[in-house]
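> One structure follows; several queries about it will come next.
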Amino acid sequence: MRLPLAIGTCVLASLLPLASSADEKSRFDGAAVLTLRLDGNIEVDPQGKVLSHSFKTELPDDIREVVTRVVEQFPFEPPVRDGMPARVRSDMTVTLAAQPTTAGYAVRLEDVVFQGVDMPQDAGRWVIVDMKPRIEHPKVPVVAVMPLAVQIAPDGKVLNAFARQCIVQATAKGRDNAVTCQKLEQNAIRAVKKWKLVYEPPAGSSVAPSEPVTAILVLHFMWEDTKVAAELRGTWQAEWRTKPRWAPWESKQGPSIGTMNPTPTGYVQSVPALSLRDGVIGKAL
C-alpha cells in the first residue's frame, strides 16, 4: 500500500526522537512506528456477524475503502448476554501500523478496542466509584497512551495493576522516551492501586463475583496543547512504543472482562461483550 506523501511531515515527526532506548535489555526499550487511528462504531448480530458500522474520523477515500472492507469481514465470537446470544452495538477505535518496504509500505491491522458497549442492565458490570488519588502527570510536554491491566477483587479493591505497553505519540525534542514511560507507569500504578470499584449485578440478581477479574484501563496522558491531540486521529503519525506485555497474573487468576474508561462512573461489563476471533489482529491489509 502507498501512503500519503505527507507522511512524516506532521508535528509529531518533528517532535519524536526515533532512536530507541540505549539499554536494549530494559523493558522500557522501544522503537518508532507509523500508525493511523480512526474512531467509529459497529453493530454485531447474535452469530458474530457484522450488521453495520461507520467511521467518525475523516479519512482519504483509498484508506476508507480498505478499512471498510476489513471491518465488514470482522469475525466475532458470538456476543453473549445472560448466557444467550445477543445483538450488540459498540464504539470502536481501529489502529493501523505501517512499515516501509521496497514497494512502499506494508500496512497491517494493529489493534481494535471496543468501548461504550450498548448492553442492557441485565448484564452485570464493574463501576469505578473512587478515583483518588488522581494520576499525576509528568511535568513535561507529552502525549501518551498506556493500557493498564487492573486486577479487581470481588470486594472492588484493586489487587494489582500492570502496564501492558507505553505509547508515546508526541513529546519535546530530545526527551528520553524510556524515562518518560517509566515515570508514567510509576505514577499510574501508584494511584490506580488505591482506587475503588463496586459490582452492580444484573437486574433481579444478587449474585456477587467470587473470584478476581481483570479489566483494561486505557490511560491517556494529554498535554495542554489540544491541537496536537486533535491531529492524532485520521493522520499517519510517527510514535514510539515499548513492546506489549501481559500481566504476570493474566490467564492465571480470573478472566479478562474488557476495557473501561478511567472516569468517575467508568464501567466495564462483567463479561466481554465483543471479542474478535484469533488471527484478525496483525492481519495485512
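> What is the calculated FRET efficiency for VAL80 to TYR105, with r their C-beta to C-beta distance and R₀ = 41 Å, to the nearest 0.05? Let's see the in-between values first.
Details: r = 38 Å, r/R0 = 0.93.
It comes out at approximately 0.60.
> Specify whether the C-alpha gyration tensor of segment 97-214 places it in the rounded, prolate or oblate class, a ≥ b ≥ c being the square roots of the eigenvalues: rounded for a/c under 1.5, otherwise prolate if a/b is larger than b/c and oblate if not.
Values: a/c = 3.03, a/b = 1.55, b/c = 1.95.
Oblate.
> Further question: Of the listed peptides 65-72, 146-153, what is their order by residue-averaged count of other C-beta atoms within 10 Å, with the highest listed first?
Numbers: 65-72: 14.8, 146-153: 20.9.
Highest mean packing first, the order is 146-153, 65-72.
> So if we plug the beta-carbon distance of GLU65 and ALA172 into 1/(1 + (r/R0)^6) with R0 = 35 Å, what FRET efficiency do we get, rounded to 0.05? Walk me through the intermediate numbers first.
Working: r = 37 Å, r/R0 = 1.06.
Result of the calculation: an efficiency of 0.40.
> Tell me, what HN-Hα J-couplings in whole Hz come from the Karplus equation 6.51 cos²θ - 1.76 cosθ + 1.60 at θ = phi - 60° for each residue of segment 98-109, using x for Gly and Pro?
10, 10, x, 9, 5, 9, x, 9, 9, 10, 10, 7
> Based on Cα positions only, what radius of gyration and what Dmax would you give for segment 50-111, in angstroms?
Reported Rg and Dmax, both Å: 14.9, 51.
> Please grab the % of Cα pairs in segment 66-165 that end up more than 23 Å from each other. Please report the intermediate quantities before stating the final value.
On the way: 2669 of 4950 pairs.
So the pairs more than 23 Å apart make up 54 percent of the total in segment 66-165.
> How much length would be gained if the chain were fully extended between GLN186 and ASP91, taking 0.36 nm per residue of separation minus their Cα-Cα distance, in nm to one decimal? All intermediate terms of the calculation are to be shown ahead of the outcome.
On the way: separation 95, 0.36 × 95 = 34.20 nm, distance 2.95 nm.
Gain on stretching GLN186 to ASP91: 31.3 nm.
> Another one. Which entries of LYS56/LYS132; LYS173/LYS193; LYS132/LYS173; LYS132/LYS157; LYS56/LYS173; LYS243/LYS283 show an alpha-carbon separation above 21 angstrom in the structure shown?
On the way: LYS56/LYS132 33 Å; LYS173/LYS193 32 Å; LYS132/LYS173 32 Å; LYS132/LYS157 13 Å; LYS56/LYS173 31 Å; LYS243/LYS283 18 Å.
Correct reply: LYS56/LYS132; LYS173/LYS193; LYS132/LYS173; LYS56/LYS173.
> Quick one: if the Förster radius is 25 Å, what FRET efficiency do LEU159 and ARG245 give, using the C-beta to C-beta distance and rounding to 0.05? The partial results should precede the final answer.
On the way: r = 18 Å, r/R0 = 0.72.
That gives a FRET efficiency of 0.90.
Every number in this text was worked out from the coordinates using simple rules, so none of it is lab data. Being a predicted model, the structure only gives us computed values, none of them experimental. Neighbour counts run over all protein chains shown; Cβ positions are idealised from the backbone, glycine included.
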